[in-house]
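A.B. asks: Let me begin by handing over the structure; questions about it come next.
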Amino acid sequence: MKAIPSFNELKKAVHNNSKEAPLRIALLGDSPTQLLAQAILGYFRLLGFNIELWEAGYNEIELQTGNPGSALYEFDADYVILFFSSETLLSKFYKTEMSQRKNFALSISESIQQIINKISLNSSAQIICYNYYELDDMVYGNYQAKTQNAFINQLRRLNVALCDIAENMPRLLIADVAGDYHRIGAEQAFAPNIYIQSGFVWSLDFMPLAAKRIVDIVKTQQGNFKKCLIIDLDDTIWGGTVGDDGWQNLQLGDLGIGKAYTEMQYWIKELKQRGVLICVCSKNDEDVAREVFLKHPDMILKPEDIAVFVANWNNKADNIRAIQDELQIGFDSMVFIDNSAFERNMVRSELSEVSVPELPEDPAAYLSYLRTLNLFETSGVTEEDIIRTRQYHEEFLRTESIKHYTDETSYLHSLNMKARIESFNTFNIPRIAQLTQRSNQFNLRTIRYTDTEIEAISQSEQHTGMAFSLSDKFGKYGLISVVILEKRESLIFIDTWLMSCRVLNRRVEHFVMNTIADAARKMGFEEIVAEYKPTAKNTLVSRLLAEMQFVHRGNFYHLNLKDFKTFDTAIIKE
């Protein structure tokens, strides 16, 4: 995994070209933003994104957001970035009467809320707002924690208020630049001479970090995020080699270097509880490796925390391929951590899409380094994310059960599969939106939707939304497919059809197609039209429409319902 690029590298990358469909990003700030714009644009283009970036004039936030006919809204951005600087905030604070300072954070948060409301009213863009980095004027010294008249006291309250606003507005996302500012310190993040001469509030060294915050958020919104952490064992999550030292003599617990490994395991456990899949890839005898999880009293990770456990003496790249095959997720959604430079380099050379952090030599620094990388950015967490590891255990049971059947049809009927079809509602909208953002492989058009947009579709007379959930005798898959149908004069158009890869080979696509056909007939239509938009990741569905009896004409696929033959499936509708 490459280190964060320098500002000069990003500046050069601004001129990189990409054939991808462009993303439109608007940047507005209350301080000069030219250098930040270069860093953001360069970072995206360095990663191969095709970006069109529109930059507002200096301190034009209210002007651009308040006028429905402004250049901002004419640009029709996919993402609007708001940058409110702490220096400008401090200037406003000093100009505020002492009697009003206790309400300063509330007043500023209300004005920001109004700006966000105006953007939401006039644009469908996702809104990303930088939070306030801590600028401490030290007027009150340590007493600032006890008085609301202190600037830093109000700034901290304002950041909490931004969190509250974002929690209640799905389209608003917070770029936590305050965390980076705190981590590297004001001496590196702020250049007084540049600020005095030009008004730029961040140093050139800090610009890439601020840009990365935006890139991380947008990548995740576009379906590019990490789902799986693959961990080595010996000298990675415990100290020592279990095959040589025995599980009793491994370094774990609260003493010495064992504390570093224990804290690493706590961090991994938190990721698992958030929905990240944890897998083991270790060169060990499996029984010996598993024994540590079962017997060592200081192990934080337990067998039930591991989605796939691979311990043998095979090539680690081959073992990661086996993990990928079992999980049915992309290599680019995997992170592999290993203390061995040899193993890291081997995996990088054979599986370039897998993220492989270059761990420090000192185990005490492993966790602090991994935290800085923000490897597991997310656009949201649902109840299904939290139980994901359990779902993969259930899938293992299904895989084992198929060994007892000689043909697929008998096996599928033995599962007792039941499907529930729901319209879009308050409960499932967040998960539906998340699925549109995360699904890449089984996705006809790869259209990303926000919670707000899904809610609008649910209320539209021109659209019909269907959310499919599946269960069988082993457990519940949860939400596994989303279909959005659009009424177009004499036909139905399939705006969205996506499906979780967890249910491949269950003939769920046949059940969904039957349901689409039934819905179209009930609405009085005789023709369904669909479109396949190829991407680098959705070749899996390149032949789906032909298999579903559609006929390819021009850029679209057509299905006359008079010719449609209902598919036979082993799925019962609840």
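The values are calculated or read from the model by the stated rules, or taken from the named source; none is laboratory data. Quick caveat: nothing in here was measured; it's all calculated off a predicted structure. No Cβ is skipped: glycine too gets one built from the backbone with ideal geometry, and neighbour counts run over all protein chains shown. In case anyone asks, the SASA skips ligands and DNA or RNA and just uses the protein heavy atoms, side chains included. Shrake-Rupley method; radii C 1.70, N 1.55, O 1.52, S 1.80 Å.
A.B. asks: Nearest 500 deg cm²/dmol is fine: what mean residue ellipticity at 222 nm does the chain get from its DSSP H runs of n ≥ 4 alone, each adding -39,500 (n - 2.57), divided by its residue count?
C.D. replies: Taking each H run of at least 4 residues, the total per residue is -12000 deg cm²/dmol.
A.B. asks: If you take every residue apart from residue 179 with its C-beta less than 15 Å away from the C-beta of residue 179, what net charge results, scoring Lys and Arg +1 and Asp and Glu -1?
C.D. replies: 0
A.B. asks: Moving on. What does the extension gain come out to for residue 269 and residue 425, with contour length at 0.36 nm per residue minus their alpha carbon separation?
C.D. replies: 53.0 nm
A.B. asks: Turning to a different aspect of this structure: Using the crude model of +1 on Lys and Arg Cβ and -1 on Asp and Glu Cβ, and no other charge, please compute the dipole size for region 270-326 relative to its Cα centre, in debye to 20.
C.D. replies: 160
A.B. asks: Give me the net charge for the shell around residue 62: Cβ to Cβ below 11 angstrom, other residues only, Lys and Arg +1, Asp and Glu -1.
C.D. replies: Residues near residue 62 contribute -1 overall.
A.B. asks: Same structure again: Leaving out ligands, DNA and RNA, and with a 1.4 Å probe, what % of the accessible surface on region 85-124 is carbon or sulfur?
C.D. replies: Ligands and nucleic acids excluded, carbon and sulfur reach 50 percent.
A.B. asks: Could you order the peptides 193-199, 173-179 from most to least packed, using the average number of other C-beta atoms within 10 Å per residue?
C.D. replies: Result, highest mean Cβ count within 10 Å first: 173-179, 193-199.
A.B. asks: Sort region 153-215 into rounded, prolate or oblate with this rule: let a ≥ b ≥ c be the square roots of the eigenvalues of the Cα gyration tensor; rounded if a/c is under 1.5, and if a/c is not under 1.5, prolate when a/b is larger than b/c, oblate otherwise.
C.D. replies: Taking the square roots of the gyration eigenvalues as a ≥ b ≥ c, region 153-215 is prolate.
A.B. asks: For region 1-129, what is the largest minus smallest coordinate of the Cα atoms on each principal axis, given in angstrom and ordered from greatest to least?
C.D. replies: 55, 33, 25
A.B. asks: Quickly work out the residue 346-to-residue 291 label distance, labels modelled 7 Å from Cα along the C-beta direction, and quote it in nm with one decimal.
C.D. replies: In this crude label model, residue 291 to residue 346 measures out at 2.4 nm.
A.B. asks: Which one, 195, 103, 365, projects farthest toward the positive side of the charge dipole computed for the chain from Cβ point charges (K/R +1, D/E -1)?
C.D. replies: Of the listed residues, the answer is 103.
A.B. asks: Here is a further query. On full extension of the chain, what length is gained from residue 326 through residue 196, given 0.36 nm per residue of separation minus the C-alpha to C-alpha distance?
C.D. replies: Answer, rounded to one decimal: 41.1 nm.
A.B. asks: Test of the criteria: in region 523-572, which trypsin sites (Lys or Arg not before Pro) are in a DSSP loop and have at most 12 other Cβ atoms within 10 angstrom of their Cβ?
C.D. replies: Numbers: sites: 537, 543, 553, 562, 565; in loops: 537, 543, 565.
Sites meeting the loop and neighbour criteria: 543, 565.
A.B. asks: Counting only heavy atoms of protein chains, what accessible area per residue, in Å², does region 238-294 have with a probe of 1.4 Å?
C.D. replies: That works out to 46 Å² per residue.
A.B. asks: While we're looking at this one, here's another question. What FRET efficiency do you get for residue 377 and residue 560 if R0 is 45 Å and r is their Cβ-Cβ distance, rounded to the nearest 0.05?
C.D. replies: Result of the calculation: an efficiency of 0.50.
A.B. asks: Taking amide hydrogens as modeled 1.01 Å from N in the peptide plane, which residues meet the under 5 Å criterion relative to residue 173, leaving out close sequence neighbours?
C.D. replies: 127, 128, 129
A.B. asks: In sequence order, what are the phi-derived ³J(HN,Hα) couplings for region 446-460 according to the Karplus relation 6.51 cos²θ - 1.76 cosθ + 1.60 with θ = phi - 60°, rounded to whole Hz, with x for glycine and proline?
C.D. replies: Here the 3J(HN,Hα) series is 6, 8, 8, 10, 8, 4, 4, 5, 5, 4, 5, 4, 5, 9, 7 Hz.
A.B. asks: Still on this structure, please answer the following. Bin width 5 Å, origin at 0, all Cα-Cα pairs of region 411-479: what percent of pairs per bin?
C.D. replies: 3, 15, 22, 23, 17, 11, 6, 3, 0
A.B. asks: Farthest toward the dipole's positive end in region 504-574, which of 555, 505, 519, given Cβ charges of +1 (Lys, Arg) and -1 (Asp, Glu) about the Cα centre?
C.D. replies: 505
A.B. asks: Sticking with this one: Label points 7 Å out from Cα along the Cβ direction at residue 187 and residue 401: separation in nm?
C.D. replies: 6.3
A.B. asks: Separate question: As an exercise, use a Förster radius of 41 Å and the Cβ-Cβ distance of residue 19 and residue 103 to find the FRET efficiency, rounded to the nearest 0.05. Please list the in-between numbers first.
C.D. replies: Numbers: r = 52 Å, r/R0 = 1.26.
Result of the calculation: an efficiency of 0.20.
A.B. asks: Another question about this same structure. Are there any trypsin sites (Lys or Arg not before Pro) in region 86-182 that are in a DSSP loop and have at most 13 other Cβ atoms within 10 Å? List them by number. Write out the running numbers ahead of the final one.
C.D. replies: On the way: sites: 92, 95, 101, 102, 118, 146, 156, 157, 171; in loops: 95, 171.
Those that pass, being in a loop and sparsely packed, are 95.
A.B. asks: How would region 485-547 be classified by its alpha-carbon gyration tensor: rounded, prolate or oblate, with rounded meaning a/c under 1.5 and the a/b versus b/c comparison settling the rest?
C.D. replies: Here region 485-547 falls in the oblate category.
A.B. asks: Carbon and sulfur atoms: what percent of the 1.4 Å accessible area of region 170-290 do they account for?
C.D. replies: Carbon-and-sulfur percentage of accessible area, whole number: 47.
A.B. asks: For a protection proxy built on the mean count of beta-carbon atoms within 10 angstrom, sort 21-28, 255-262, 38-45 highest first, please.
C.D. replies: 38-45, 21-28, 255-262
A.B. asks: Roll a 1.4 Å probe over the protein chains and send me the accessible area per residue for region 1-66 in Å².
C.D. replies: 52
A.B. asks: For residue 537 and residue 318, FRET efficiency with R0 = 22 Å and r from the beta-carbon atoms, rounded to 0.05?
C.D. replies: 0.45
A.B. asks: Under unit Cβ charges (Lys, Arg +1; Asp, Glu -1), what dipole magnitude, rounded to 20 debye, does the chain have relative to its Cα centre?
C.D. replies: That gives the chain a dipole magnitude of about 1020 debye.
A.B. asks: With a ≥ b ≥ c taken as the square roots of the eigenvalues of the C-alpha gyration tensor of region 116-251, please select rounded if a/c is under 1.5 and otherwise prolate if a/b is larger than b/c or oblate if it is not? Intermediate results must be reported in sequence, preceding the final value.
C.D. replies: Numbers: a/c = 2.04, a/b = 1.47, b/c = 1.39.
Prolate, since a/c reaches 1.5 and a/b exceeds b/c.
A.B. asks: When the gyration tensor of the chain is built from Cα positions, what are the square roots of 5 times its three eigenvalues, in whole Å, from largest to smallest?
C.D. replies: 42, 36, 21
A.B. asks: Sticking with this structure for a sec: Please give the per residue volume of the convex hull enclosing the alpha carbon atoms of region 226-357, rounded to a whole number of Å³.
C.D. replies: Output value, Cα hull per residue: 98 Å³.
A.B. asks: What nm value, rounded to one decimal, do you get for the distance between residue 518 and residue 462 when each label is placed 7 Å out toward the C-beta?
C.D. replies: 2.8
A.B. asks: I need the peptides 413-425, 298-310, 209-221, 133-145 ranked by packing, meaning the mean over residues of other C-beta atoms within 10 angstrom, with the highest value on top.
C.D. replies: By packing density, highest mean first, the sequence is 209-221, 298-310, 413-425, 133-145.
A.B. asks: Apply the Karplus curve 6.51 cos²θ - 1.76 cosθ + 1.60, θ = phi - 60°, to the phi angles in region 493-507 and return the couplings in whole Hz, x for Gly and Pro.
C.D. replies: Coupling constants for region 493-507: 10, 7, 5, 9, 8, 9, 8, 5, 6, 5, 10, 4, 6, 10, 6 Hz.
A.B. asks: Continuing with this model, one more query. Along the positive direction of the dipole of the chain (beta-carbon charges: Lys, Arg +1; Asp, Glu -1; about the Cα centre), which of 447, 335, 8 reaches farthest?
C.D. replies: 447
A.B. asks: Taking 0.36 nm per intervening residue step and subtracting the Cα-Cα distance, what contour gain separates residue 50 from residue 408 on full extension? It would help to have the intermediate numbers written out before the result.
C.D. replies: Details: separation 358, 0.36 × 358 = 128.88 nm, distance 4.38 nm.
So the chain would gain 124.5 nm between residue 50 and residue 408.
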